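Accompanying notes for the structure given below.
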Amino acid sequence: MTLVLGGVAVLWGLLAGYLLLRCTESLLGLVCCVHGLFARRWKTLIDKNATGLIRPGLIIKPGLRFGVYALLAGFLLDAGDDFVRRTYHLSYTATPGILFGLAGTVLFLGRLRTSVRRLKLVWRMSHEFDFAARRERTQRLKG
């Protein structure tokens, strides 16, 4: 193994770990948004005059954003893997594979806390009445 191959394995491992984390986070965020839409729809079907429902527009916007993020991260993972294999002949065995996996795991675990915090925020936005509207108003006032 050369120094260049080791560096490529570490850098690709870091990038792949970050993209995998963002893809997973985006897919889970999308699931939260879809669950919020179904919960709202179910409450509306049960009671036409139900109060405390979240507007669908507030849930659809982040849901679409998460869908785009997931597709983009998946595409970048696939394209990056093809590029690294073709250009640097990186195989995920022996030392380069260990470096790749270790770098990806370290980054994934290091950023996991932030992702969990984001997912909690998405859950509150898609399930808690008036939370998303208040947050949107606050962000408009700040910006």
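The values are calculated or read from the model by the stated rules, or taken from the named source; none is laboratory data. This is a predicted model, so every value here is computed, not measured. Reconstructed Cβ throughout: ideal geometry from the backbone, glycine too, with neighbour counts over all protein chains shown. When the accessible area is computed, the model is the full protein with side chains, heavy atoms only, and any ligands, DNA or RNA have been set aside. Shrake-Rupley method; radii C 1.70, N 1.55, O 1.52, S 1.80 Å.
Points worth noting:
- Taken per residue, the accessible surface of region 1-92 reaches 63 Å², heavy atoms only and a 1.4 Å probe.
- Globularity ratio of region 66-143, using Cα Rg and 2.2 N^0.38 Å: 1.63
- Sparse packing (at most 16 other Cβ atoms within 10 Å of the Cβ) combined with a DSSP loop state is found for the following chymotrypsin sites (Phe, Trp or Tyr not before Pro) in region 48-131: Y92, F129.
- The accessible surface of region 1-77, taken with every protein chain in place and a 1.4 Å probe, is 75 percent carbon and sulfur.
- Proximal charge balance of T24 [Cβ under 12 Å; K/R count +1, D/E count -1]: +2
- Residue order by solvent-accessible surface for H127, H89 is H89, H127, largest first, with ligands and nucleic acids left out and a 1.4 Å probe.
- With contacts taken as Cα pairs under 8 Å at a separation of at least 6 residues, region 37-143 carries a relative contact order of 37 percent.
- Between the residues F129, L99, F75, the greatest Cα displacement towards the positive end of the dipole of region 46-143, with unit charges on the Cβ of Lys, Arg, Asp and Glu, is found for F129.
- Order of exposure, largest accessible area first, which applies to D81, D47 with probe 1.4 Å: D47, D81
- Partners of K120 within straight-line reach, counting aspartates and glutamates whose Cα lies under 14 Å from its Cα and excluding those fewer than 8 residues away in the same chain: E25, E128.
- Exposure check, 1.4 Å probe, all protein chains in place: K43 carries approximately 100 Å² of accessible surface.
- Taking the protein heavy atoms of region 97-143 in the context of the full set of protein chains, the accessible area attributed to carbon and sulfur is 62 percent at 1.4 Å.
- P(r) histogram, all alpha-carbon pairs of region 1-83 included - 10 Å bins from 0, percent: 17, 32, 21, 15, 9, 4, 1
- The Cα-based radius of gyration and maximum Cα-Cα distance (Dmax) for the chain are 20.0, 68 Å.
- A simple spin-label model places pseudo-atoms 7 Å from Cα toward Cβ; at T105 and T51 they are separated by 5.3 nm.
- For the options S26, S115, S91, a Gaussian network treatment of the chain with springs between C-alpha atoms closer than 10 Å singles out S91 as fluctuating the most.
- Percent breakdown of C-alpha pair distances by 5 Å bin, ordered from the shortest bin, for region 48-110: 4, 13, 12, 17, 14, 10, 8, 7, 6, 5, 3, 2, 1
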